[in-house]
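Note sheet for the following structure.
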Amino acid sequence: MDEQRATEFTGRVLTDTAAAATTVLAAFGDRLGLFKDLAAQGPATSAQLARRTGLNERYVREWLSGMYAAGYLTYADADQRYPLPAEHAPALATEPGPAFFGGVHQELLGALQRYDDVLGSFHTGGGVHAEHLHPDVAAGTGRFTAQWHRNLLVQDWLPRVPGTLAKLRDGARIADIGCGAGLALITLAGAFPTASCAGYDVSPAAIETARTNAEEAGVGDRVRFEVRDAADGLPEHFDVITTFDVVHDAVDPLGMLRSIREGLRAGGRYLCLDINCSADPSDNVGPIATLLYGFSLLYCMTTSLAEDGEGLGTLGLPEPKLRELATRAGFTTVERVLMDNPFNALYELRR
């Protein structure tokens with residue numbers, strides 16, 4: 001054994017373990033509004049920040065010390081105040097924004113609430129049903145993906161698929177499968193006022209949230225939501241169907257793709273956003289892949305296996321796998337859209 005390499009790896013494990021504690025501290029700061037207060041109102045002592053946020057000073061003091069230790073905050077010894085550096089605000093306080101991580105932290109810590117159940121599944125198989133996950137999983141997912149829908153969907157992704165964009169501008173009938181809280185569909189309804197929109201999800205709680213969100217956004221008259229498993233078929237035909245990070249989660253991904261293909265009108269388009277990953281596991285390395293494998297065990301894979309599903313996992317739909325399933329489902333064309341996104345890949349499919 002190389003003692004030097006062993007020592008270096010021990011240091012690496014210490015760093016990674018400290019990062020887990022850092023994530024917990026950051027999640028506290030996000031959920032309690034501490035980062036946003038520091039961003040909006042400036043540096044504060046523990047007493048000042050506690051007063052501004054209505055929180056207990058002793059807990060706030062410990063949190064500030066931990067975030068300073070982690071390098072998330074700085075410290076001014078002269079007045080004992082803690083600033084949030086401007087360069088840190090996009091990741092910690094600017095919501096929704098392209099760099100914001102608050103939703104990711106909420107989703108991850110929510111998924112960890114079922115740690116014991118996932119641990120047991122290593123012995124028994126099966127998994128944790130999606131409806132049994134902590135509510136923070138759905139809430140965090142919605143907050144994280146909101147930045148895509150508000151900052152990328154209309155501004156960046158759709159201009160890369162001019163055929164689909166033309167249909168949307170012409171008043172397309174749109175369906176979003178696995179719509180969750182409805183944010184993508186609500187964004188599309190706002191951008192294309194002549195379109196009619198339907199969202200489907202297997203979660204009754206998600207559908208109720210989506211309906212509320214649509215009413216609050218002022219598009220409730222043009223967006224309807226329904227509890228439905230798309231793998232069992234769609235109730236009507238559409239010009240454009242979308243899925244956003246849904247197929248790899250599906251209990252029956254092939255059945256879902258068949259239903260989507262059958263639910264398209266002649267000339268219809270299916271936009272599939274899914275994880276940007278490789279079919280070769282040796283290529284799926286680094287911090288993003290590590291994070292996604294963690295989410296797979298705690299969320300994506302386990303919820304599919306809980307229903308005796310395919311269990312593709314978060315990184316289980318690389319381009320070759322999608323093409324295989326799409327061909328079996330009857331699609332004639334699968335085009336990968338050129339874009340630079342470390343998390344996601346976008347595909348346009350036709351009947």
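Observations on the structure shown:
- Matching residues, the stretch 59-106, being polar (S, T, N, Q) and either more than 27 Å from residue 295 (Cβ to Cβ) or part of a loop (DSSP other than H, G, I, E, B) (or both): 65, 74, 80, 94
- Odd one out for residue 119, checked against (1) assigned by TED's automatic domain parsing to the domain that holds residue 340; (2) buried (at least 17 other Cβ atoms within 10 Å of the Cβ): (2)
- Taken over the stretch 1-31, the criterion of being surrounded by 17 or more Cβ atoms within 10 Å (Cβ to Cβ) and among the aliphatic types (A, V, I, L, M) is satisfied by 25, 26, 27.
- No other residue among 264, 325 is touching a helix residue (DSSP H, G or I) at 6+ places or on another chain (Cβ under 8 Å) and in contact (Cβ under 8 Å) with a residue 24 or more places away in the chain apart from 325.
- Extreme residue, surrounded by the fewest Cβ atoms within 10 Å (Cβ to Cβ), among residues of the stretch 222-247 that are at negative phi and acidic (Asp, Glu): 236
- In the stretch 160-218, the residues that are among the acidic types (Asp, Glu) and crowded, with 24+ Cβ neighbours inside 10 Å: 176, 201
- Among the helices (runs of 4 or more DSSP H) confined to the stretch 287-347, the ones with at least 1 residues that are basic (Lys, Arg) are located at 319-329.
- Look at (1) modelled with pLDDT under 95; (2) in a loop (DSSP other than H, G, I, E, B); (3) under 22 Å from residue 230 (Cβ atoms) and you find that residue 267 fails only one, number (2).
- Test result for residue 277, at negative phi, in the same structural domain as residue 319 (by TED's automatic domain parsing) and part of a strand (DSSP E or B): no
- In the condition set (1) surrounded by 15 or more Cβ atoms within 10 Å (Cβ to Cβ); (2) assigned to a loop (DSSP other than H, G, I, E, B); (3) outside the structural domain of residue 148 (by TED's automatic domain parsing); (4) not acidic (Asp, Glu), residue 127 is compliant with all but (3).
- When 210, 206, 198 are checked against the criterion of being in contact (Cβ under 8 Å) with a residue 12 or more places away in the chain, touching a helix residue (DSSP H, G or I) at 6+ places or on another chain (Cβ under 7 Å) and either of a type in the set (Gly, Ala, Ser) or not assigned by TED's automatic domain parsing to the domain that holds residue 303 (or both), 206 stands alone in meeting it.
- Looking only at the stretch 174-224, and only at residues there that are within 21 Å of the chain's Cα centre (by Cα) and of a type in the set (D, E, K, R), the one that is farthest from residue 237 (Cα to Cα): 208
- Members of the stretch 35-46 found to be assigned to a helix (DSSP H, G or I), in contact with a Lys or Arg (Cβ under 8 Å, 6 or more places away or on another chain) and either on the phi > 0 side of the Ramachandran plot or surrounded by fewer than 19 Cβ atoms within 10 Å (Cβ to Cβ) (or both), listed by number: 41
The values are calculated or read from the model by the stated rules, or taken from the named source; none is laboratory data. Since we're looking at a predicted model, the values are computed, not measured. When we count neighbours, we look across all protein chains shown, and the Cβ atoms used for this are built from the backbone with ideal geometry, even at glycine.
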